[in-house]
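The values are calculated or read from the model by the stated rules, or taken from the named source; none is laboratory data. Since the model is a prediction, treat every value here as computed from it, not as a measurement. Every residue, glycine among them, receives a Cβ derived from its backbone with ideal geometry; neighbour counts consider all protein chains shown. The protein model used for the area step is the full one, side chains on, heavy atoms only, and it has no ligands, DNA or RNA in it. Shrake-Rupley method; radii C 1.70, N 1.55, O 1.52, S 1.80 Å.
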Amino acid sequence: MPGAKPPFEDLYRGYVGRIYAYLRSQLGNQVDAEDVTSQVFVKAYEAYTRYEPRHATPSAWLFQIARNAALDHHRRSGRRQRMERALAREPAPSADPGVLAQDRILYGELMEAVAGLPERQREVIGLRHSGLSFLEVGQLMGCSEDAAKMLYHRALKLLRSALPEASP
Amino acid sequence: MSERDGPDPELERRLDAAFRGTRPRRGFEDELWARLQAQRPWWRRIGDGLGGVRWGGVATGLTAVLVVGLLVVTVVRLGGARGGGAGMSSAAVPATRAAPGGAADSAGLPFGRLPAPRAASVSGLVAGGQPAAAGQPAASQGAVPAPQPATLPVFRYGPPSGPADGTILEVGSLPGGLESAAYPTRSVSDALAGASRSGAVAGHPSAVLTQARLVYVAVVSGGQGFLEPAYLCTGTAPGAGGSVPVQVLVPALAPAALG
């Protein structure tokens with residue numbers, strides 16, 4: 001629910017991990033996710049004086065910025081190239097080897113599968129599992145709550161079909 | 001997700017775990033926060049810091065040139081026997097920075113622990129206008145707690161190009177383009193209480209502090225200069241010819257931030 005405007009640092013500390021995870025699922029690799037996470041919070045920091053809690057929850061506001069940044073990133077640099085690199089499991093330069101290993105072992109395969117979905121399906125999975133309600137997801141994606149649910153269920157089916165059978 | 005109405009709850013659980021467990025590398029969060037702090041103009045950084053204060057309709061732009069009208073009705077009893085004014089310019093005893101609760105960890109302080117400013121300390125704070133008995137530690141319940149920002153920016157500079165040690169600067173007159181970092185703060189009442197524990201300084205037998213406002217004080221140590229936030233508390237004390245004005249400068253930073 002919209003409420004009081006928290007200090008920006010509270011917002012930052014509370015959401016930086018979630019925004020990163022969302023972007024990781026949208027962009028397919030650690031380096032791009034960090035880069036775009038930085039862009040998101042720079043934009044949010046600059047725009048925070050104009051943010052009105054009456055109009056959007058902090059979560060909805062931040063994920064709107066993150067969604068736009070992810071879309072911009074895809075448009076700018078070409079999604080195919082990045083996805084090929086991610087699917088080929090080519091570690092990007094400067095990636096932390098420890099994080100890469102843990103990420104890949106635990107969640108990397110699943111997140112990369114999400115990143116490989118078509119745009120709308122990828123977004124709905126990412127937003128929903130970042131903690132947004134279907135109402136918020138629908139508002140961000142420009143559709144109704146029910147339409148967001150339907151899109152999400154279709155995305156789950158598509159994701160299931162994209163995962164290897166042996167996946168745990 | 002709390003709702004489990006999807007067609008594939010097992011996959012949803014895996015997704016939940018993946019999104020919860022996927023986090024940036026260690027250090028990324030603090031690095032990004034430092035970058036955010038550093039790239040902002042100083043007036044906006046201060047505005048942000050003070051924007052955390054929940055003062056209702058106080059606009060952030062106005063808080064950047066804040067004169068904190070904090071009502072700090074605190075009777076100050078200075079335990080020392082020395083005479084002279086209690087003004088900050090007369091202070092010769094740096095405040096002792098003993099952090100309550102033991103030694104603090106300097107991790108997470110971008111510039112490390114900061115040198116303490118040379119400032120007048122307040123001793124013998126007593127509540128409700130009742131002077132404390134000589135030699136007794138004072139209480140600070142007389143101070144009215146006021147909301148404070150959780151952090152305030154500290155600015156770093158090279159001493160040859162910046163203000164001299166001890167210079168007091170108004171928030172609105174800070175130089176631009178300085179490297180900055182957010183540091184944790186403490187409340188006015190805590191600051192006054194801490195000052196009271198740090199030892200007596202020359203001053204009036206008693207004083208009533210009625211206002212505190214945020215200023216910055218230049219502290220030069222070890223070849224580095226810092227502009228550190230402080231509360232400049234003002235009030236009056238009984239004098240021979242009536243009330244005389246007094247002022248006391250106390251650091252606004254948490255004791256753990258100061259060396």
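What is the residue count in the range A:65-81 for residues that are assigned to a helix (DSSP H, G or I) and modelled with pLDDT under 90?
Of the residues in that region, 7 qualify.
What pairs can you find where one residue is in the range B:167-178 and at pLDDT below 75, the other is part of a strand (DSSP E or B) and among the charged types (D, E, K, R), and their Cβ atoms are less than 6 Å apart, with a gap of 6+ or different chains?
Listed pairs, sorted by first residue: none to list.
Being crowded, with 24+ Cβ neighbours inside 10 Å, modelled with pLDDT of 70 or more and either assigned to a strand (DSSP E or B) or touching a helix residue (DSSP H, G or I) at 6+ places or on another chain (Cβ under 6 Å) (or both) is the requirement here; does B:ALA212 meet it?
Yes: the conditions hold for B:ALA212.
From the list B:GLY61, B:GLY49, which residue is open to solvent by less than 50 Å² (accessible area, probe 1.4 Å), assigned to a helix (DSSP H, G or I) and either more than 7 Å from chain A (Cβ to nearest Cβ) or at pLDDT below 60 (or both)?
Result: B:GLY49 is the single residue among B:GLY61, B:GLY49 that is open to solvent by less than 50 Å² (accessible area, probe 1.4 Å), assigned to a helix (DSSP H, G or I) and either more than 7 Å from chain A (Cβ to nearest Cβ) or at pLDDT below 60 (or both).
Would you please name the residue that is farthest from the chain's Cα centre (by Cα), looking only at residues in the range B:6-25 that are more than 8 Å from every other protein chain (Cβ to nearest Cβ) and open to solvent by 60 Å² or more (accessible area, probe 1.4 Å)?
Result: B:GLU10.
Could you tell me which residue of the range A:49-64 is nearest to B:TRP33 (Cα to Cα), considering only residues that are assigned to a helix (DSSP H, G or I) and open to solvent by less than 20 Å² (accessible area, probe 1.4 Å)?
Across the range A:49-64, the extreme among qualifying residues is A:LEU62.
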